[in-house]
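Values in this text are rule-based calculations from the coordinates and carry no lab data. If you're wondering where the values come from, they're calculated on a predicted model, not measured in any experiment. Using ideal geometry, Cβ is built from the backbone for each residue, glycine included, and neighbour counts are taken over all protein chains shown.
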Amino acid sequence: MSTLRTLWEDTERRNPEKIGVITNGIRLTYREMGNRIRSLSTNMASNWNIGSGTIVALYAPNCSEFVIAYFAATFLGAIVQPVDERMTPEEVKVILDDSRARFLVVHCRLWDKFGRVRSKLSRLERILGIGIEQNGVDRFEDWALGAKSTPIGSTIRADTIAELMYTSGSSGEPKPVMRTHRNALAGSRNALRGFGYREDDVIAIGMPLSHSSAITSQMLPLIGKGGTLVLLDRFDAGLLLDTVKSEAVTCMRAVPTMLRLLLSNPAFFSDMLPSLRLLVNSSAAIDPETYREVKRRFSGIEVMNSYGLTEASTCTVLPDVEALKRTDSVGYAIEGVEMCLLDDEGKMFSTSGTGEICIRGEHVFVGYRNRPKETEAAFHSGWLRTGDMGRLDSDGFYYIIGRKQDMINCGGRKFSPVEVENVVMQMPDVVNAAAVGIPHRVLGQVVKVFVVAQKESDLSPKLIKNHCASRLPSHKVPFYVDIALDLPVNAAGKVLRRKLLEKGDN
């Protein structure tokens, strides 16, 4: 029977003295990590009575303690609830209240932020602090580095809930996604099959481990292969590239925003990063211009695109050999993943066409916790409805058109904001762009585009409108253009369009 515990123990047995985690200059072997996991797990059980079904919230940046706490809790059959450190204190309170978590592991870097809502969390009983010396707070270091632990008997099963991942809330309030040990391991297998991770790989993880992509498509598959994790506690283009060079990193995953920032760095070239063999875009669609530039700079390594979501992990891969032929595709379904399209009449089909993407497989989540209506609505005849509109070509390659609820309807003509964004992204000084539909008295909706430009750029709303007018039909040309300093994004790098809509229509 495979669980996250057996995943770790199998790797530790094979590679006890191999470096498993590198973070902030500290290098830990699989044996050293395993000892800390077992010690923490034993203390969680004896001091907190943590057991099957207990929710343990984990509020920390990327660090070895995150990995230790994640496995220590799942060893006991507890449910790990990662909390995104970029959330506001009030957002943290919302999801902790919603999950009713009674136990929290918190990092010292987030202690002050957490302190703003601590007194309002009436259900929270015990806190384990990483690097924190406070009355009423148990010390992570004492529990993870204590006396030799007693082995804990495992009663967990593959269908035991392992994770409670809150969705980004891009279309409303975040929902608690329940994922079992089977789901997590199946998602990990998808990543292994799709990206071909190897035992000698060293992966730099700059995406937050609080997000499902970083856990299921990076941390778990690399641990399963016995590779090495290099954890960065924040994303900084210069820091990431220095780390890739100094630690001989071979693999890296990034979201489009990260890729665009990396492209502005003169060190982001294959000859400056000789160890890198695999670069994967994930979590959000990448515009063709950015993809072409990445491929131009890294023509000698594998550059892949992919598609996934919190509820189903990584589902597709666009292999390197297809990169320049299908720059706007997210690829084909990975072995073990079933995909099809759902049309407006509720009919499902797996041949070429356009519709809502639906997914089936062991990697698909089991439901939203305490949300029976939302769970029922998420499925159609046993298939997960992703809410993403897609196109399937005759060769079996998928293309993301946009979110179903984000489609813009101008005068009865519906289209995806991605079509506008891709055209805007062709302009040299544009760093990022996001389009939304703004209410219009006559046309129903018109386009407003938010554009982030490079510093000291001469970009103006008029230039952007003229550029779009020469490349798009009139109903897709922006009525409004807002030159913004940045765009609101979630942990996956996806733009929060609802927050843009809150800015108003002019």
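Does THR327 fit the bill of being of a type in the set (Val, Ile, Thr), in contact with a Phe, Trp or Tyr (Cβ under 9 Å, 6 or more places away or on another chain) and more than 23 Å from ASN305 (Cβ to Cβ)?
Numbers: of a type in the set (Val, Ile, Thr): yes; in contact with a Phe, Trp or Tyr (Cβ under 9 Å, 6 or more places away or on another chain): yes; more than 23 Å from ASN305 (Cβ to Cβ): no.
So THR327 fails the test.
Would you say SER329 is among the small types (Gly, Ala, Ser) and within 18 Å of VAL244 (Cα to Cα)?
The answer is no for SER329.
For PHE71, only one of the following conditions fails: (1) closer than 28 Å to GLU247 by Cα; (2) surrounded by fewer than 16 Cβ atoms within 10 Å (Cβ to Cβ). What is its number?
PHE71 satisfies every listed condition except (2).
Can you name the residue in region 1-33 that is farther than 17 Å from GLU65 by Cβ and β-branched (Val, Ile, Thr) and, of all such residues, is nearest to the chain's Cα centre (by Cα)?
Restricting to residues being farther than 17 Å from GLU65 by Cβ and β-branched (Val, Ile, Thr), the top hit is THR3.
Could you tell me whether any residue of region 238-245 is farther than 26 Å from GLU9 by Cβ and of a type in the set (Asp, Glu)? Steps first, answer last, please.
If we filter region 238-245 for residues that are farther than 26 Å from GLU9 by Cβ, which is where we start, we get 238-245.
Going one step further and asking which of them are of a type in the set (Asp, Glu), we end up with 242.
Yes: region 238-245 contains one or more residues that are farther than 26 Å from GLU9 by Cβ and of a type in the set (Asp, Glu).
What about GLY34, is it of a type outside the set (S, T, N, Q) and touching a residue at least 40 places away in the same chain (Cβ under 8 Å)? So that I can check it myself, show each step before the final result.
On the way: of a type outside the set (S, T, N, Q): yes; touching a residue at least 40 places away in the same chain (Cβ under 8 Å): no.
Against the criterion (of a type outside the set (S, T, N, Q) and touching a residue at least 40 places away in the same chain (Cβ under 8 Å)), GLY34 does not qualify.
Can you give me the ranges of the strands (runs of 3 or more DSSP E) entirely in region 288-382 with at least 1 residues that are more than 27 Å from ALA184 (Cβ to Cβ)? Step through it out loud before you land on a result.
Numbers: elements: 302-309, 313-318, 338-342, 353-360.
Here the list reads 353-360.
Looking at GLY402, is it in contact with a Ser or Thr (Cβ under 9 Å, 6 or more places away or on another chain) and without any contact (Cβ under 8 Å) to a residue 60 or more places away in the chain? Let's see the steps before the verdict.
Numbers: in contact with a Ser or Thr (Cβ under 9 Å, 6 or more places away or on another chain): yes; without any contact (Cβ under 8 Å) to a residue 60 or more places away in the chain: yes.
In short, yes.
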